[in-house]
Amino acid sequence: MRTPVIAGNWKMNTTVTEAVALVKAMRAELSKVSNVEKVLCPPFVSLAPVKELIKDSSIKLGAQDLYFTEKGAYTGEISPVMVADLCELVIIGHSERRQYFNETSKVVNKKVAAALEVGLKPILCVGEKLAENEAGKTEEVVSKQLKSSLADISNLDGLIIAYEPVWAIGTGRAATGEQTNETIAFIRRNISGLYDDKVAQEIRILYGGSVTAANAAGFMVQPEIDGALVGGASLKAAEFLNIVIQTSAMG
Ligand code: PGA
């Protein structure tokens, strides 16, 4: 069966000092929770100190992005090899990157391929905008994103998908569990079409968008939803821990 994943996307929040304090506030309790893959995704500058703090624990480390070239004259960028040196996972194609940094599915595709090449597990984000949702285009948008983001990638090797409707991110307006379950079932069928049924049954597909301790159970109870990518609520130790504990209790 698929082990659920709860990943905290800290986005551009926390100084190194604050990141260290946040990890110290939750690591003991967090590492005790079984049957859930717990992932912290702090900003790049905090990856090394956080890695040190969680080194003997069951908590995993993820980055929030990478560049697709191995090394060279790309001022300001971080390569897949650098990320793989510290992390097991990496978020790719988050809607904020698509929105503010003009990241296209073509770029996302190169990043996914580069991550898999160095043994990183990508958390590939897909999701429709509000207008697309209201126009009934969710499935069309998501299947296009999947197809182009995964183009020419034959082995998904631990890749995780996060379905994050853009209108639900950071808005306090989460999707419903039922709605999300349906879209995630659609994504799984899509993966089955692009790969095969075995791949589709094994791949973890998470929900993301305004997940809190108050609404998490409504998602986790759904059979197709394999966990959550948590933004705002992952910056509060007690709340993040609560979401992880609730997820474990569903298992
Ligand atoms: P949010 O962010 O939980 O703050 O809505 C989720 C995400 O962007 O991954």
| query | What share of Cα pairs, in percent, lie more than 23 angstrom apart in the stretch 94-211? | reply | 24
| Spacing of the two label points (7 Å from each Cα toward its C-beta) at residue 202 and residue 69, in nm | 3.4
| field | the stretch 110-199: chymotrypsin sites (Phe, Trp or Tyr not before Pro) in DSSP loop, at most 11 other beta carbons within 10 Å | value | none
| task | Give the dimensionless ratio obtained when the Cα radius of gyration of the stretch 160-236 is divided by 2.2 N^0.38 Å. | result | 1.08
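Just flag the GluC sites (Glu not before Pro) in the stretch 42-131 sitting in loop per DSSP whose Cβ has no more than 13 other Cβ atoms within 10 Å. Write down the numbers at each step before the final one.
Details: sites: 52, 70, 77, 88, 96, 103, 117, 128; in loops: 70, 77, 88, 103, 128.
The qualifying sites are 70.
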| said: Using Cβ contacts closer than 10 Å as the measure, can you line up 150, 194, 40 from fewest to most? | reply: 194, 150, 40
| field | Spatial extent of the stretch 195-251: Rg and Dmax, with the Cα atoms as the point set, Å | value | 12.3, 39
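Just to confirm the filter: which chymotrypsin sites (Phe, Trp or Tyr not before Pro) across the stretch 1-85 are DSSP coil and have at most 16 other Cβ within 10 angstrom of their Cβ? Let's see the in-between values first.
Details: sites: 10, 44, 67, 68, 74; in loops: 10, 67, 68, 74.
Loop-located and lightly packed - 74.
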| query | Which pairs, out of 32/129; 106/137; 51/71; 24/137, put more than 31 Å between their alpha-carbon atoms? | reply | 32/129; 24/137
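Just to verify a number: FRET efficiency for residue 3 and residue 102, C-beta to C-beta distance, R0 = 30 Å, to 0.05? Don't jump to the answer; show the numbers that get you there.
Details: r = 35 Å, r/R0 = 1.15.
For R0 = 30 Å, the calculated efficiency reads 0.30.
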| remark: Both in Å, the radius of gyration and Dmax of the C-alpha trace of the chain are 16.8, 48
| Between residue 185 and residue 238, what length comes free when the chain is fully extended (0.36 nm per residue of separation minus the Cα-Cα distance, one decimal in nm)? | 16.0 nm
| query | Which of the aspartates and glutamates could be linked to residue 11 by a straight reach, that is with a Cα gap under 17 Å, when you skip same-chain ones fewer than 8 residues away? | reply | 65, 77, 96, 103, 164, 239
| task | Measure off 7 Å from each Cα along the Cα-to-Cβ vector at residue 44 and residue 155, then give the distance between these two points in nanometres to one decimal. | result | 2.8
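So if each residue of separation counts as 0.36 nm, and I subtract the Cα-Cα distance between residue 117 and residue 24, what length gain in nm does that give? List each step's numbers first, then the result.
Details: separation 93, 0.36 × 93 = 33.48 nm, distance 3.23 nm.
Value of the extension gain: 30.3 nm.
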| said: To the nearest 20 Debye, how big is the dipole of the stretch 1-58 about its Cα centre, given +1 on the beta carbon of each Lys and Arg and -1 on that of each Asp and Glu? | reply: 100
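Just so you know, all these numbers are worked out from the coordinates, no wet-lab data involved. Quick caveat: nothing in here was measured; it's all calculated off a predicted structure. Please note: Cβ atoms are built from the backbone with ideal geometry, for glycine as well, and neighbour counts cover all protein chains shown.
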